[in-house]
1. Using a 1.4 Å probe, how large is the accessible area of T106, given in Å² and rounded to the nearest 10?
2. Full-extension gain between L259 and F120, please, as 0.36 nm times their residue separation minus the C-alpha to C-alpha distance.
3. Within the set of other residues whose C-beta is less than 15 Å from the C-beta of E201, count the net charge using Lys and Arg as +1 and Asp and Glu as -1.
4. Out of K43, K200, K78, any idea which swings most in a Gaussian network model of the chain, alpha carbons joined below 10 Å?
5. When only Cα pairs under 8 Å and 6 or more residues apart are kept, what is the percent relative contact order across the chain?
6. Taking the 0 to 90 degree range and rounding to the nearest ten, how far is the long axis of helix 3-16 tilted relative to the main principal axis of the chain, both from C-alpha atoms?
7. Please give the Cα centre distance for segment 39-58 versus segment 170-199, rounded to the nearest Å.
8. Measure nothing fancy, just the Cα-based angle from helix 158-168's long axis to the longest principal axis of the chain, in degrees from 0 to 90, nearest 10.
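The values are calculated or read from the model by the stated rules, or taken from the named source; none is laboratory data. As the structure is a computational prediction, the values presented were derived from the model and not from experiment. Here the Cβ positions follow ideal geometry from the backbone for every residue, glycine too, while neighbour counts run over all protein chains shown. Ligands, DNA and RNA are stripped out before the accessible areas are found, and what is left, the full protein with its side chains, is counted by its heavy atoms. Shrake-Rupley method; radii C 1.70, N 1.55, O 1.52, S 1.80 Å.
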Amino acid sequence: MNVFQAIIIAIVEGLTEFLPVSSTGHMIIVSALLGIGKDEFTKLFEVVIQLGAILAVVVFYWRKFLVFDKNRLNFYLKLAVAVVPALILGFLFSKKIDAMLESPLTVGITLLVGGIVLLFVDNWFKEPTILTEEKIDIFTALRIGFYQCLALIPGTSRSAASIIGGMQQKLSRSVSAEFSFFLAVPTMAAATGYKLLKGKELLTAHPENLKLLLIGNIVAFVVALGAIKFFIGAVKKYGFKMWGYYRIVVGIIIIAAILMGYQLEV
């Protein structure tokens, strides 16, 4: 991986992290198209640069995370509870997840299936009763956390899984999307820390890899700031159907390309 390739992947991450289209899935496909081999550093890079995008949430919602008031401890507790299922399952199945990160076919299938689901979610959950984050209780947050675990399968989309989980729990579209953003912070911080701990030799033995990670995180952070604002506005106005059509088209293209013999598998 060179600097140009790192920047391209980071742009893709920043644009897609908060959209219900799977940032990991898009990075896998873009890496394949750029001809980047699926070595251990590439796998680490695709996880760790998500931290840059996630930090954009802290900046965008800085009052929520950094201004202390009577509701803040409850807010942090809900995030801590909601992230537990993904931490446990991610740890138990880390090797299988790494194996799936090598498969564009898995991404294509999950993009397609998830896209079909997104065509209908706006009609399934029409009468939300939770219209602010403060109304989310601990058990609701935990249930959303279990939905987030579906995103351990590349191409599913952490954002889509947790947003749909939130809507199923009676959150409004915008509140569900925002809680998905909030939940991303501890989830990706934990995933990044674990990945860095496992792959520290890739950085100490190859200092150029650290430079690529820093560049990737900075680019993902800047791009994600704009993507968050765009997505919240789009969800309020249009719902999720447009993202469903996008996922279906991209999923079909990926599957068709693989079946026709194009070398997307890396």
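1. 30
2. Details: separation 139, 0.36 × 139 = 50.04 nm, distance 2.80 nm.
Stretched out fully, the L259 to F120 stretch lengthens by 47.2 nm.
3. +1
4. Greatest mean-square fluctuation among the candidates belongs to K200.
5. 39
6. Computed tilt is about 20 degrees.
7. Using only Cα atoms to place each centre, the spacing works out to 12 Å.
8. Result, in degrees: 20.
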